[in-house]
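We did not get these values from a lab; they are worked out from the coordinates using the rules stated. What you see is a predicted model, and the numbers here were worked out from it, not measured in a lab. We place every Cβ from the backbone using ideal geometry, glycine too, and count neighbours over all the protein chains shown.
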Amino acid sequence: MIQTMSTLIKVIGFMYLLFCLPAYADSADPMLSYFDELLKTCYAQLETWRSSYQWQVTLTIMVGVMGLVAAALQGLSSNYVKIITVVFGLIISAVTYAVNTLEMTNYKQISLSISKVEKIVLKMEAARLNYKTFKKPDNELAAEEFQKQYARFQTIVDPPDIEPLKAGYQFSLLSSAHAQDTPPWLTRLPDNPKNLYFVGIADSAQLPDAQAQSIYTGKMAATQFIRETLQASMENSGPVDPLVDTLARSAEEVDNHITYDEKTGLYRYYSLIRVNRFQAQNSTRFVYLQNGIDSPAAAFEPINAVQRQDNDYAARRLHLQEQQIDQTSRMLDAEQYKKFSDARQARRANEPHQAIPLLKEVLAQQPAFYLGWFNLALAYSQTREEQPARQAYKQAVALEPAQPVRDSSIYNAYGHFLLERHEYCESSRLLEQALTLEPQNTLAQRNLEKAKRDMSQNAVQCQ
């Protein structure tokens, strides 16, 4: 069966290289060129594996035959036979040493990989044909299928260093009294050339909510990091905005750490998020092509070279979030914290009308609660109640300088709120303040660029 499949794939591959690639090369659709590039990679890997498989099978047979011959000659006593036996023994030892030293993959494993990838390539070819045949937007499903199969291929070629967590919770739940028993990745991220790692954090009275929000913040940190990485290389190749949803393809939770605060009844959930560089590079490029941006492959190569730094923007955001959670725990009692947590979850679930009364109750008792005013401003913005939102933003901005760690996000949020209302001068001032506090806040950078463009187009002058 495997031999038949292998022969079929070879025939398809030959026909593909002989007839299809030249025709595809003339295609005006950059997505097809992208598919061809990845298919070429798959076929090259298959040929490498087949060559390795043939060599290893040949060596295995040769060693076996030599072993049998050497065993058969053991009973003979002539010097000539002894020399042959010694030579065979040396060859067998040399081959065995070479296989072990070079860490050659077992030929049975290679055969299994070949079989899996041959099936994947057939599905990729079918998806490519469907993409070319179907009309838009129906062909988008075929493109998604192609990308899905290529991700499977990449997992076989380059298995992850840590297996992602299975469904459900796999953790050791610690009380806050034992929070010092933390995994090493909370103080220093894993160092691996294949992957980038990020940490998400969230707290909630409901463990599933804490988990979901923690994974989300980790993926958003990864998105922000990759967006910033690509900013320079994509400057003349198209905008970076389509990157926002890309990480769902290549980011996964590989570990977590959870504590429970008995005082507040809240879970604090840390998630270790892994992004495979190669998958992120290809997924990002794929999303750009989906959005009609044909950027050269070289524009995405910085993803493979960039390194996380101990105090980069993602690390500083994580530290800020930890400090805010700690301060909230100190400021609010258990009942107040639960109301705030419920309100925040309602706002994130796009239910601001449920969030607003809870936040107002908490703020009536804790008027200096910065995150309370910030969340109230965001909730009022969702309901399009302009004056209450404006007042809440002003309260939060007034309280921000007194926070243990300065937070640029309130200035970006309020600046964006005013920018939408064409209040360019005050919006620009707030956005500049955000960038003074955090120069790598890319959201504030883009909002300020838009404000300046709008001011130029409308001939607005600020005092």
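Values computed for the structure shown
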| item | result |
| --- | --- |
| Neighbour net charge for Ser409 - beta-carbon separation under 11 angstrom, K R +1, D E -1 | -1 |
| Cα-based convex hull, the stretch 334-419, per residue volume (Å³, whole number) | 90 Å³ |
| Added length on full extension, which subtracts the Cα-Cα distance from 0.36 nm per residue, Gln461 to Thr41 | 145.7 nm |
| Label-point separation, Phe278 to Gln290 (7 Å along Cα→Cβ), nm | 2.2 nm |
| Extended-chain gain in nm, criterion 0.36 nm per residue less alpha-carbon gap, Arg152 and Arg384 | 79.1 nm |
| Per-residue Cβ neighbour rank within 10 angstrom, fewest leading, Tyr216, Tyr131 | Tyr216, Tyr131 |
| FRET efficiency, Asp191 to Gln323 (Cβ-Cβ, R0 30 Å, nearest 0.05) | 0.70 |
| Distance between modelled label sites at Lys394 and Lys450, nm, 7 Å Cα→Cβ extension | 2.4 nm |
| Separation of alpha-carbon centers, the stretch 252-305 and the stretch 428-448, rounded to whole Å | 23 Å |
| Local electrostatic count at Gln387 - Lys and Arg +1, Asp and Glu -1, tallied over other residues with Cβ under 13 Å | +2 |
| Cβ-defined net charge surrounding Asp326, 11 Å radius [Lys, Arg +1; Asp, Glu -1] | -1 |
| Ranked Leu378, Leu435, criterion: other C-beta atoms within 10 Å, fewest first | Leu435, Leu378 |
| Label-to-label distance, nm, for residues given as Arg421 and Glu144 (7 Å Cα→Cβ offset) | 3.9 nm |
| Ranked Val460, Val121, criterion: other C-beta atoms within 10 Å, fewest first | Val460, Val121 |
